[in-house]
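Read-outs: derived from the displayed coordinates by stated rules, not from any lab. Model, not experiment: these values are computed from the prediction. Please note: Cβ atoms are built from the backbone with ideal geometry, for glycine as well, and neighbour counts cover all protein chains shown.
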Amino acid sequence: MGTRGKSINLFLMDGTPSGRVKCTLANWTGVAYKIPRNEIDKSKGREDLSQSGVYFLFGTSDETGETVVYVGQAGVRKNGEGILYRLQEHKRNPDKDYWTEAVVFTTSNNSFGPTEISYLENRFCALANEAKRYLVKNGNEPTSGNITEEKESELEEFIDNAKIVMGTLGHKVFEKLADNKPAIEQLDMTGDNNQLLFLKRKSKKSGQVIEAECKRTNEGFVVLQGSHIETIDSESIPPGIKERRSKAQVDGNGVLQEDILFRSPSYAAAFVIGGHTNGLVDWKTSDGRTLKEFEGSE
């Protein structure tokens, strides 16, 4: 049976896509808000934002250009303030001046207590670290607390829906670039075989055998961790690729230590061989067809 569709409601609270957005999912008690930093004060008086919940602060590092995220929780205080008050505190904190947008998760029935938000904060932080899309700014790993198996099942279902909503709101903080299963396992999976590509050649520059794997995704082409890439740049290498290669995590043997996304197959291949090339010809399927031939037969 195929994956079922989802009905999501997005409400543009300020009438513009760049303003505040409220998001709900059919048959889900969760409520999500996407709030630009400079629109935080507009949300005063919203009852559901005075509740307990979990929030994400998204931004970009001025030093490295990396996308960053901080995951936090907010409980209801004696003064009746909850999530919104915590966001206002972060807005005033000079140590957290990197964020430009917050995404908040709470519930329509105010059902989150301290145990629930602690568990969610812990799981969301772990999922963001596993995905490696964003630099997670949490200094310490949040504690999960002690919950019953029944409550764990309930919260995991909440997390599954929150993943969908988060992606809909434009942040793929929980989505890995590619499934890092070994190639042999992937080739045995129906459908996944069509997404896996290979590049193998002996380099004239280093004398090493260059052998890489790439996965086609809806976002582009992901050169997979464990690929053996050329360590010497050619004079013909595009400047952007040269920079990506200089920043990539590669060990002393030229083995890539992370997944890296490229928008085109040629840039993915250029990254691997260290020079200009045609990715439609260099990348091949498991049965030896070039990517150009394969896409022509789809």
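Packing, taken as the mean count of other beta carbons within 10 Å per residue, orders the peptides 96-108, 278-290, 116-128 from highest to lowest as 116-128, 96-108, 278-290. Assuming R0 = 41 Å, what is the FRET efficiency of K42 and K176, from their Cβ-Cβ distance, to the nearest 0.05? The formula returns an efficiency of 0.75 here.
Its alpha carbons considered, the stretch 206-296 gives a radius of gyration followed by a Dmax of 12.3, 38 Å. The label-point distance for D160 and V281, in a model that sets each label 7 Å from Cα toward Cβ, rounds to 4.7 nm.
When only alpha carbons of the stretch 69-144 are considered, Rg and Dmax amount to 12.9, 37 Å.
If you take the Cα centroid of the stretch 211-261 and the Cα centroid of the stretch 100-144, the two points sit 31 Å apart. First check a/c for the stretch 8-168, with a ≥ b ≥ c the square roots of the eigenvalues of its C-alpha gyration tensor; if it is under 1.5, answer rounded, and if not, answer prolate when a/b is larger than b/c or oblate otherwise. The shape class here is rounded. Compared with the dominant principal axis of the Cα atoms in the chain, helix 83-92 is inclined by about 70°.
For the stretch 1-160, the Cβ-based charge dipole about the Cα centre amounts to some 520 debye (Lys, Arg positive; Asp, Glu negative; other atoms uncharged). Our estimate of slack between R201 and N218, defined as 0.36 nm per intervening residue step minus the Cα-Cα distance, is 3.4 nm. Applying 1/(1 + (r/R0)^6) with R0 = 25 Å to the Cβ-Cβ distance of T168 and T67 gives a FRET efficiency near 0.90.
Measuring r between the beta carbons of D251 and A131 and using R0 = 30 Å, the FRET efficiency lands at 0.85. Normalising by residue count, the chain has a Cα convex hull of 179 Å³ per residue. Taking label points 7 Å from Cα along the Cα-to-Cβ direction, T231 and K151 give a separation of 5.2 nm.
Calculate how steeply helix 149-168 sits against the longest principal axis of the alpha-carbon atoms of the chain, using the helix alpha-carbon long axis, and give the answer as 0 to 90 degrees to the nearest 10. Long axis of 149-168 versus the principal axis of the chain: about 70 degrees.
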